[in-house]
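Structure first, then comments.
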Amino acid sequence: MHRHERAILEILKKEKKLDFETLMKETGLGKDAAMWAVSNLFSRGSVEAIIEGKEIVALTEEGKKYAANELPEQKLIRKLAAGEVVLDELKGNEDQIALIWAKKKGLVEIGKKGISLTEKGSKAAKEGLPEDKALKEINAGGLDAYAKYKNNEIFKELEKRKLVTREGKGELKEVMITQHGVLELASDMQSGGEEIEALDRSMLSSRVWAGKKFKAYNVEAPVEAKEAAVRHPLRNLINEIRQAYLSLGFTEVTGPVIDSSFWVFDYLFMPQHHPARGMQDTFFLSRPRELEIKDRELVKRIKEEHEKAWHSEWSEATARLAVPRTHMTSVTGRYMHEIIETIQKEPDKYELPVKIFSVGRVFRNENIDFKHLADFYQMDGMMIGKQLTLANLFDVLLKLYSRLGIRISFKPSFFPYVEPGVEAYTKFGDSELELFGAGMIRNEITGVKRNSLSVLAWGPGVERVMLLRNEKIGSIASMYNTNIGWLRSMSMK
Amino acid sequence: MPISKYNKKYLAEKLGFEIDDKTLFRNMGNMGLSIERATKDEIDVEFWNRPDLLSTVGLARAVKYFMRRSREFDYKVGTEESKFVINVGSHVGKIRPFIAGLVVRNMQLREEDLLEIINFTEKLSETYGVRRELMALGLHDLRDVSPPFFYDAYEDEEFIPLNRQKRMRYSEVMKGDERGRKYGALGEKEKRYVALKDARGTMSVIPIINSERTRITRTTTDMLVDITGTSKYIIEKTADLLAANFIDMGYDVSTILVDYGRGAYAIPKMEGAEITIPLEQMNKEIGVAIGFNNVILLANKMGYEASLVGTKIRFRVPTYRLDVINEQDVIEDVAVAYGYDYIQPIPVPATQVGKPQAKEEERNRIGEIMVGLGYSEMLNSYLTNEDVNFKKMRLESKDNYVTIANPKTETLTMLRTWLMPSLLKNLGQSMHDKMPISIFELDMAFDLHVNEPNEKYHLAAVTCNAGVNFNDVKAAFEGLAEKLEIKCEVKKADHKSFIEGRCAGIEVNQKNVGFLGEIHPEVLTSFGVEEPTVGFEINLDAI
């Protein structure tokens, strides 16, 4: 314990409670030394202190600088009024500040001919800005001037610009000893020597700490927690999903975000008049408007399949329209096409079944609200093999979701590109929450009969999984467009 | 997806047996119909593929089969006299070539029956008919028509449209009527207008509006239905579907004749396709072992008549099913009838090792380094607008970026070309949070190269705090560059989003791949960022 601290505790042990003035007199300590010692004792819980507060106002460094001269925008309009300045010369940091505020306050106009004063600006150049006056008065007059300005807009501006600060400053009135202080003093008497405060390099090398006591801190006193830098919770989930797929033997694939309607819809047997292809549901692009479909043979086959099945004309122009993909099946589908083509030429090229997955952003033309987003993540998977069955599909989906800690069940559903179609759902409270669509890809898409190759496919959303697993996340929209506060509040457990 | 609404009272009447909501909804769910919303009076179901379920009678029919309350599969139609013939003229071919129809007799129309008929005919034309383009239909009181009928494209003439008192020209209907403006283009070409006529004149301007003369009312007992469109298959199958619906409503349906000039034939044909599938194939696709007798029962549950042909099953597709294309659809129906809950999962034997994308792994490692440097990760939308992406960043927009043609809001008009604006937006929304704030994003940005989209991965990071300066961001970037062994040079550069003289370009092989520096105060102010901020952004695909 420091000798100043000991001196204070000794007096207080006798008197229990003293006002600060008396304490200084009794110990013979100066104000700074006494304050320092009391605050140390206070932080260790050895004394209680009574502090009486009052509000004070002060100028910051920047504020003081301007108060001594003038506000940058005042300087700017003064110079402008004197005809001294042109826009190109305004390059310095302070000039930029001057420009922003002058513009904001409507003092200047910036046109083709450069910078000029507005009517308001000319008036202010003559009379001086009220903010400038206020800053000078506060600098000179302290609290009286502050009392005059504290509730008006001028002060708010100065405060926002960080030219003035205000804080409650406490005055130490009385100090009294606590039970802990009494004990500390007693143990200090026993050890009979000074305790070590902070350990440093020289103490380590000289071993002066040996045989001495370290000053005990109040380890239960509150501190402000450090903010841990973290990855985004959704990114962590995406990586967990990737790991789940990889552990089941799936290979990761990627593909274009911006694609032709052909790969997003037509190849997947979505009729050109399907409501999901409408302007209401899908974003179309004006740049690029169209994208070329290179595989001419495939275009021919898809045209035939569509016209046969949907009894209406298939237009290649419609298929060329560029869209940001609406699902990840455009990516897995493209791979599936390549793989099937290869297998037909070289049957032994792949070990069957081929298992692929792709996680990425997809887009829907939604009205954005707490439930809907225009872009979000999907995690499509596909299995290409011989004689794969609906029972196989259920098996792989159950495994994938059990890895993610979610129990799922299946019911029939309809999606144009699968037959049979499946909807996976989970129990959520008392209700069923639909999770995603799945099924066996139609022959019209694969171009081969099911007795030679069949394809199982599914297209879940990632955000749904996140919502199910973390009750604290109230909505899908809250996962994006976030502030750091949200991220910091997320548990990583 | 279109929503179909069903009146529960009418549904109960058509089902003809007592059923509680829970049982009904469970059965509908097992049939693949997911209920969006249910109230005391109505059920909303969302689907697209089954036109036969757009009507309440159609839903009642399907539920009855599924719950084994009905095994009646035949829909019988009668035959009208030969004067009930529609003669198709030569001008209609290029506009709307095909017509079908049917006659409905012995109706006793209550208010709710009339509502049901209007509801499902309207819904059919809008959804299956693709807003009347592929198919549309019209209803006429049989008392008010005088066969034979003529279907052709005529020159402009007059008639009294439905709900009007005065005569109007076809051309006026196109311009002056809401439906005319909406559907007019489907029935007009070179000043000829598609119409259905009888001996007394215009019955309907197609596919827009009927005549007042043939209006259907509560007192109508017999009715002629016309169905027109651009696909013969679609309109003739629609006739089959309507026939089934009217028969299920308790009415009599009879055929009429259509003559394209090559001899008249009767419509509706009431033909259901036959599809034969080996039982083994079906079991193999579903992954179950269903026996012969059971398959036939399951087929019946879905409304198919089925019979055994050797080791194969022959299914007769119900005449009203417009969605069954081939055996895949039939197998799905059998699987649905079997019940997905009863299909036991079977693992696929496989020995492959999963492989991640190397690039994805690399990006994850970069993310980890950024966290190590004290930055937290943000995820932002790929969609943005010119104000955020360019203007607030003090940049001019050129035309080498990807734009949305049909934005619903002004906030989403383009794909972002860089990530820094997203992060500054995040900062602006975080001003009440504890400083310092260090955040990064590692994700996609987009631009255009000769009209081809260029998709790339960027890394951007910012730090916002009182007293941060150029050196802080340069130190952070170089810490990262060292870990990634990026051979880059940091050179003096100009970028409008940064403070002049406090911005550097990042160069790899003398090529600019990014920037770092102190963000310009005007940029900060426009995003609502109240403390100095430094940051960097690089194109990871270019290093």
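Please treat every number below as a calculation from the coordinates, not as lab data. Since the model is a prediction, treat every value here as computed from it, not as a measurement. Virtual Cβ from ideal backbone geometry, glycine too; neighbours counted across all protein chains shown.
Quick look at the values:
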{"item": "Global geometry of segment B:3-66, whether rounded, prolate or oblate, following the gyration tensor of its Cα atoms and the 1.5 cut on a/c", "result": "rounded"}
{"item": "Separation between Cα centres of segment A:331-397 and segment B:174-216, rounded to whole Å", "result": "47 Å"}
{"item": "Total charge dipole magnitude, the protein assembly as shown, about the Cα centre, Cβ charges on Lys, Arg, Asp, Glu only, Debye to nearest 20", "result": "180 debye"}
{"item": "Gyration tensor (alpha-carbon) shape descriptor, segment B:394-484, a/c threshold 1.5", "result": "oblate"}
{"item": "Protection-proxy order for peptides B:275-288, B:173-186, each taking the mean of Cβ atoms within 10 Å per residue, highest first", "result": "B:275-288, B:173-186"}
{"item": "Anchor residue B:237: lysines whose Cα lies under 18 Å away (excluding residues fewer than 8 positions away in-chain)", "result": "A:308, B:76, B:123, B:269"}
{"item": "Amide H contacts under 5 Å for residue B:47, placed H, 5+ residues apart", "result": "B:4"}
{"item": "Per-pair calculated FRET efficiency, R0 = 30 Å: residue A:35 and residue A:60 via Cβ, rounded to 0.05", "result": "0.80"}
{"item": "Folded to 0 to 90 degrees: helix B:56-66 orientation relative to chain B principal axis, Cα", "result": "90 degrees"}
{"item": "Whichever aspartates and glutamates have a C-alpha closer than 19 Å to that of residue A:123, once near sequence neighbours (fewer than 8 apart) are set aside", "result": "A:70, A:73, A:84, A:109, A:131, A:132"}
{"item": "Isotropically averaged projected area of segment B:358-542, using the convex hull of Cα atoms (one quarter of hull area), nm²", "result": "10.8 nm²"}
{"item": "Low-density loop positions, GluC sites (Glu not before Pro), segment B:380-486 - DSSP coil, at most 12 other Cβ in 10 Å", "result": "B:396, B:410, B:485"}
{"item": "Label-point gap, in nm, between residue B:265 and residue A:52 - each point 7 angstrom along Cα→Cβ", "result": "10.8 nm"}
{"item": "Karplus 3J(HN,Hα) series, Hz, for segment B:508-516 with 6.51 cos²θ - 1.76 cosθ + 1.60 (x for Gly, Pro)", "result": "10, 6, 6, 10, 6, 10, x, 9, 8"}
{"item": "Cut-off 20 Å (backbone N to label point 7 Å along Cα→Cβ of residue B:483), residues of segment B:341-360", "result": "B:358-360"}
{"item": "For B:503, B:464, order by how many other beta-carbon atoms lie within 10 Å, fewest first", "result": "B:503, B:464"}
{"item": "Leading residue at positive end of dipole, segment B:358-542 (Cβ point charges), from B:465, B:426, B:539", "result": "B:465"}
{"item": "Three-way shape call for segment A:407-449 based on the alpha-carbon gyration tensor, with the a/c threshold at 1.5", "result": "prolate"}
{"item": "Inter-chain Cβ neighbour average for residues B:226-234, partner chain, 10 Å", "result": "2"}
{"item": "Calculated P(r) of the protein assembly as shown - Cα pairs past 51 Å, %", "result": "43 percent"}
{"item": "Cα→Cβ-extended label distance, 7 Å offset, between residue A:173 and residue A:228, nm", "result": "4.3 nm"}
{"item": "Pair residue B:447, residue B:369: separation of 7 Å Cα→Cβ label points (nm)", "result": "2.3 nm"}
{"item": "Chain B: relative contact order in percent, alpha carbon pairs under 8 Å with at least 6 residues between", "result": "12 percent"}
{"item": "5 angstrom amide H check on residue B:204, placed H, neighbours 5+ away", "result": "B:196, B:211"}
{"item": "q = 0.07, 0.08, 0.13 Å⁻¹: log10 I(q)/I(0) that the Debye formula gives for chain A, counting C-alpha atoms only", "result": "-0.75, -0.83, -1.13"}
{"item": "Close Lys-Lys pairs in segment B:3-66, where close means Cα under 17 Å and separation is 8 or more or interchain", "result": "11"}
{"item": "Using alpha-carbon coordinates, inclination of helix A:130-141 to the longest axis of chain A, degrees", "result": "40 degrees"}
{"item": "Proximal lysines to residue A:399, defined as alpha-carbon separation beneath 16 angstrom and excluding residues fewer than eight positions away on the same chain", "result": "A:355"}
{"item": "Kirkwood hydrodynamic radius of segment B:78-267, Cα pairs, Å", "result": "16.4 Å"}
{"item": "For segment B:132-138, Karplus couplings with θ = phi - 60° (6.51, -1.76, 1.60), whole Hz, Gly/Pro x", "result": "6, 5, 7, 7, 9, 9, x"}
{"item": "Euclidean distance between Cα centres, segment B:381-454 to segment A:290-311, Å", "result": "35 Å"}
{"item": "Per-residue HN-Hα couplings for segment B:192-197 [Karplus 6.51, -1.76, 1.60; θ = phi - 60°; Hz; x = Gly/Pro]", "result": "10, 10, 6, 8, 10, 10"}
{"item": "Cβ-derived FRET efficiency at R0 60 Å, residue B:494 paired with residue B:38, nearest 0.05", "result": "0.40"}
{"item": "Cα-only Debye scattering, segment B:274-342: base-10 log of I(q)/I(0) at q = 0.13, 0.14, 0.17, 0.23 Å⁻¹", "result": "-0.29, -0.34, -0.51, -0.98"}
{"item": "At R0 = 60 Å, FRET efficiency that the Cβ-Cβ distance of residue A:10 and residue B:357 yields, to 0.05", "result": "0.25"}
{"item": "Extension gain (nm, one decimal) between residue B:8 and residue B:69, 0.36 nm per residue minus Cα-Cα", "result": "20.1 nm"}
{"item": "Computed over chain A: relative contact order in percent, which uses C-alpha pairs under 8 Å that are six or more apart", "result": "13 percent"}
{"item": "C-alpha long axis of helix B:327-338 to longest principal axis of chain B, angle in °", "result": "90 degrees"}
{"item": "Alpha-carbon centroids, segment B:515-543 and segment B:338-365: separation in whole Å", "result": "41 Å"}
{"item": "Mean separation of Cα contacts under 8 Å, 6 or more apart, over the residue count of segment B:274-342: relative contact order %", "result": "38 percent"}
